[in-house]
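The structure appears below as structure tokens.
The values are calculated or read from the model by the stated rules, or taken from the named source; none is laboratory data. All values reported here derive from a predicted model rather than from experimental measurement. Virtual Cβ from ideal backbone geometry, glycine too; neighbours counted across all protein chains shown. Remember, those area values only see protein heavy atoms, side chains included, never the ligands or the DNA or RNA. Shrake-Rupley method; radii C 1.70, N 1.55, O 1.52, S 1.80 Å.
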Amino acid sequence: QPAEDPQPEPGSAHVGEAAPDFALMDLGGNGHQLSEYLAEGKIVVLEWFNPDCPLVVKHHERFSTMTDTYAAFQPGENAEEDEESKVVWLAINSAREGNATGDPDRNLERVEEWEIPYPILLDPTGIVGKAYEARTTPHMFVIAEDGTLIYAGAIDNNDHPREAGDINYVMQAIEQHLAGETLTDPETRAYGCGIKY
């Protein structure tokens, strides 16, 4: 374990370049470090999260876009016991300390309510959000096994709070990457609520 957590520089994440390393704690007090997942050969998805943003509600409650996309890359019911997913999914809440949307209990309520199967990491200083220039909730990033940031933008192509898009950009990016194809849409415009830095 490194003695100090990585301190990523603001604005240091760029598609096609190495994703800035970071370490954050989840709601259960467990640490997560990007470089450790990459060392295990994982593809890492980052989802910027706010428990009360209507566009986050859309993709977790009205539609199960996030959990369905996550589940698509997990081993199926007939998988070998030691078979692990190639994809790690981390939600990040960069709301500042004291902002209601960053309250751990509020986030935990949503985890239970929406049955979110992956961790929510708290970034109260905003260091990670600012490194990735995350602007909205949701704002999505896909990092390849070699640490390259290969996708940044929206989860899908419809910013209406009550309508799902017909292109899931994260699903598309991971599938094309796994197939060794060039990504059709490496960057899109993220939509959602402003992050409460």
Checklist line | Per-pair calculated FRET efficiency, R0 = 22 Å: Glu133 and Gln33 via Cβ, rounded to 0.05 | finding: 0.60
Check: Any idea what % of Cα-Cα pairs in segment 144-192 are farther than 13 Å?
Finding: 55 percent
Next item on the list: Taking the Cβ of Asp52 as the centre, find all other residues whose Cβ is under 9 Å away and add up their charges (Lys, Arg: +1; Asp, Glu: -1).
Entry: +2
Next item on the list: Could you sort 180-187, 63-70 so that the peptide with the highest average Cβ count within 10 Å comes first and the rest follow in order?
Entry: 63-70, 180-187
Next item on the list: Identify all lysines with a Cα-Cα distance to Lys196 below 26 Å; exclude those on the same chain that are fewer than 8 residues away in sequence.
Entry: Lys58, Lys130
Margin query: Need the list of lysines near Lys86 for cross-linking: C-alpha distance under 24 angstrom, and skip anything on the same chain fewer than eight residues off.
Written below: Lys42
Note to self: For a bin width of 10 Å, list the pair-distance distribution of segment 72-182 built from all Cα-Cα distances, rounded to whole %.
What the structure shows: 12, 35, 39, 13, 1
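Efficiency by 1/(1 + (r/R0)^6): what FRET value for Asp105 and Leu178, r their Cβ-Cβ distance, R0 = 45 Å, to the nearest 0.05?
Computed FRET efficiency for Asp105 and Leu178 comes out at 0.75.
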Notebook entry, point to check: What's the carbon and sulfur percent of the chain's accessible surface, probe 1.4 angstrom, rounded to a whole number?
Noted result: 45 percent
Notebook entry, point to check: How far apart, in nm, are two points set 7 Å out from the Cα along the Cα-to-Cβ line at Glu187 and at Asp52?
Noted result: 3.3 nm
Notebook entry, point to check: In the chain, what % of DSSP beta bridges are antiparallel (nearest 5)?
Noted result: 65 percent
